[in-house]
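For reference, the structure discussed in these notes is given below.
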Amino acid sequence: MTAAVRRYEAIRLQADFIGRLDAACAAPGGAALILVGIGRLDFVNWNLGFDGGNAILDAVAARLEAIFPGRSIDEPWPGKFALVVPGIDAREAMHMAHRVVAQCSVPHVVGRANLFNPPYVGVALSARGVGGGQLLQNALFAMEDARRQTLGAAQFYDPAHKTRIEFDFRIENGMRESFETGDHFRLAFQPLVALDGSGRLAGFEALARWNHPELGLVPPERFIPVAERSGLIQGLGNFILWEACRHLVAWDAISAAPLTMSVNLSAVQLAAPGIEEAVEEALDTTGADPRRIKLEVTETALASDIDTVARKIARLRRIGVAIGVDDFGAGYSSLGQLDHFGLDFMKIDKKLIQGLDADARRVELVRLTIALGKHLGMELVAEGIETEAQHRIVAHLGADLGQGYLFSPPMPARDAEDWVRAGKAAPGAAQTIADGTTARSNPSASM
Ligand code: C2E
Ligand code: CA
Ligand code: CA
């Protein structure tokens with residue numbers, strides 16, 4: 001059989017299945033579709049070959065038949081099972097889905113191996129005007145939602161999630177387009193200010209900005225995760241590194257004192273092979289001094305595969321760049337672990353800084369965090385400073401650098417240049433931004 005004939009067979013089976021779904025949707029009382037995927041199947045295939053994977057699929061099919069005797073179990077495409085149940089409501093359908101999760105999460109015994117492959121189950125109901133194709137797509141969205149949750153989950157179709165997944169899809173495509181045209185991505189720069197009373201400008205943090213022609217300004221918290229999942233982060237990350245280095249070098253000509261440039265590295269970037277080469281290439285091409293580049297890595301990125309991450313960090317530090325932990329206090333770093341990495345700086349998360357002026361326990365927490373960081377030889381940065389009181393407290397507690405709307409929101413390069421020329425923060429007050437409101441009172445207006 002040729003590949004084309006095999007494909008034709010597979011497509012015919014799917015068309016049959018959708019035809020039956022159409023009929024079930026059209027029947028009085030409608031139908032529920034329950035789609036079952038098997039978690040960690042690849043893991044079994046890698047270790048035991050396809051025989052192992054097939055044994056799991058056989059076992060799951062047998063269990064489904066045992067749970068729902070007399071019902072027909074479809075396999076509309078390899079490795080995914082489907083139950084079409086006429087005339088039930090959402091509650092009953094979810095009840096069935098939870099039974100599938102419970103029963104199929106019991107480990108399977110294959111040869112001498114005990115295998116744990118909890119399923120992810122998506123559920124959708126037919127409605128007026130919903131045909132088989134649409135019902136299948138809705139159940140697929142629900143199944144994808146379930147897959148992204150914990151191991152072994154059932155999820156009912158949620159149109160809001162579908163909208164989000166579709167939005168991610170648009171973001172991903174938009175990012176690819178923007179890459180091709182080399183347009184729409186920019187950096188914004190937020191000052192880091194010395195907390196020794198001088199108000200001296202120590203450097204900037206580079207923050208990615210993307211202005212999509214139709215979607216408008218998409219926040220990095222939306223597009224960075226999509227870039228991570230779609231493999232676009234490598235290219236984007238390199239662009240950000242280059243741009244950050246390029247600006248640092250350009251600003252030497254107008255700056256009285258050498259500045260630093262902080263760049264965020266996502267967990268995926270850090271984990272990918274070749275990050276050391278990418279950093280070296282950006283430095284070589286732009287002529288930036290490695291000692292003035294500071295790479296910010298989140299706690300979560302540090303928490304995975306500690307030995308590999310530690311080796312990477314050591315190699316990056318050998319290039320001469322500084323590496324520190326971002327958002328410290330927001331996650332769950334173990335303190336011993338931090339020491340293990342030999343980091344250069346620690347950035348205390350803005351959630352810890354905010355509320356400092358209202359909460360004595362918070363002050364104590366930040367004081368201890370700063371003491372810990374200093375003990376480990378790190379430079380201490382407080383981010384998210386919005387009020388004079390927060391500023392005073394972190395300075396008093398001994399933090400070295402501060403960053404936040406009180407000093408300035410992130411700004412375009414041309415505005416950052418004014419800061420570079422001045423070499424320090426405007427005394428006391430928040431910067432006035434384009435529309436005349438202060439950054440402090442209107443953080444959403446920051447770019
Ligand atoms: P982050 O690294 O913690 O960056 C600081 C974020 O806090 C920035 O949001 C900044 O605008 C905001 N911020 C600064 N000062 C204040 C303040 O006083 N109060 C409050 N409430 N917020 C303040 P932004 O630019 O939207 O970035 C959000 C996150 O997106 C960043 O958090 C970072 O995790 C990620 N990100 C941004 N640019 C990049 C990038 O180039 N690469 C990677 N991998 N991630 C990036
Ligand atoms: Ca950061
Ligand atoms: Ca941060």
Fill in: For GLY39, residues with placed amide H under 5 Å, excluding near neighbours
TYR120
Practice prompt. Would you please give the FRET efficiency between ILE254 and THR150, computed as 1/(1 + (r/R0)^6) with r the Cβ-Cβ distance and R0 = 45 Å, to the nearest 0.05?
Written response: 0.30
Worksheet item: If you take the square roots of the eigenvalues of the alpha-carbon gyration tensor of the stretch 245-302 and sort them as a ≥ b ≥ c, do you get rounded (a/c under 1.5), prolate (a/b over b/c) or oblate?
Response: oblate
Worksheet item: Counting only residues 5 or more places away or on other chains, whose amide H sits under 5 Å from the amide H of GLY404 once H atoms are built in the peptide plane?
Response: GLY384, ILE385
Discussion item. Ignoring ligands, DNA and RNA, please state the percent of accessible area on the chain from carbon and sulfur, probe 1.4 Å.
Written reply: 55 percent
Fill in: Per residue value of the accessible surface for the chain (all protein chains in place, 1.4 Å probe), Å²
49 Å²
Worksheet item: Rounded, prolate or oblate: which fits the chain, taking a ≥ b ≥ c as square roots of the Cα gyration tensor eigenvalues, rounded meaning a/c under 1.5, else prolate when a/b beats b/c?
Response: prolate
Practice prompt. Mind ranking 383-392, 81-90, 201-210 by how tightly packed they are, going by the mean number of other C-beta atoms within 10 angstrom, highest first?
Written response: 201-210, 383-392, 81-90
Item to complete: Note down the relative contact order for the chain as a percent, whole number, built from C-alpha pairs under 8 angstrom at least six residues apart.
Response: 12 percent
Practice prompt. For the chain, find the longest principal axis of its Cα atoms and tell me its angle to the long axis of helix 132-148, 0 to 90°, nearest 10.
Written response: 50 degrees
Worksheet item: Quick one: Karplus J couplings for the stretch 93-108, per residue in order, coefficients 6.51, -1.76, 1.60, θ = phi - 60°, nearest Hz, x for Gly and Pro?
Response: 5, 5, 4, 4, 4, 5, 5, 4, 4, 4, 6, 8, 8, 6, x, 9
Discussion item. Give me, ordered by chain and number, the residues 5 or more places off SER262 or on other chains with an amide H under 5 Å from its own placed amide H.
Written reply: PHE204, GLU205, ALA206, LYS294
Worksheet entry | In range of the label at ARG186: residues from the stretch 220-246 whose backbone nitrogen is under 15 Å from the point 7 Å along Cα→Cβ | 220, 244
Worksheet, complete the sentence: Place a point 7 Å from the Cα of ASP196 in the direction of its beta carbon; the residues of the stretch 379-414 whose amide N falls under 17 Å from it are 379-382, 395-403
Worksheet, complete the sentence: FRET efficiency (ALA10, ASP89; Cβ distance; R0 25 Å; to 0.05) is 0.15
Worksheet item: Using a Förster distance of 22 Å, how high is the FRET efficiency between ARG164 and GLU214, based on the Cβ-Cβ distance and rounded to 0.05?
Response: 0.80
Practice prompt. Grab the DSSP H runs of the chain that are 4 residues or longer, score each as -39,500 (n - 2.57), total them, divide by all residues and round the 222 nm result to the nearest 500 deg cm²/dmol.
Written response: -15500 deg cm²/dmol
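The values are calculated or read from the model by the stated rules, or taken from the named source; none is laboratory data. If you're wondering where the values come from, they're calculated on a predicted model, not measured in any experiment. Ideal geometry is used to build each Cβ from the backbone, glycine not excepted, and the neighbour counts take in all protein chains shown. Heavy atoms of the whole protein, side chains included, go into the accessibility calculation; ligands, DNA and RNA do not. Shrake-Rupley method; radii C 1.70, N 1.55, O 1.52, S 1.80 Å.
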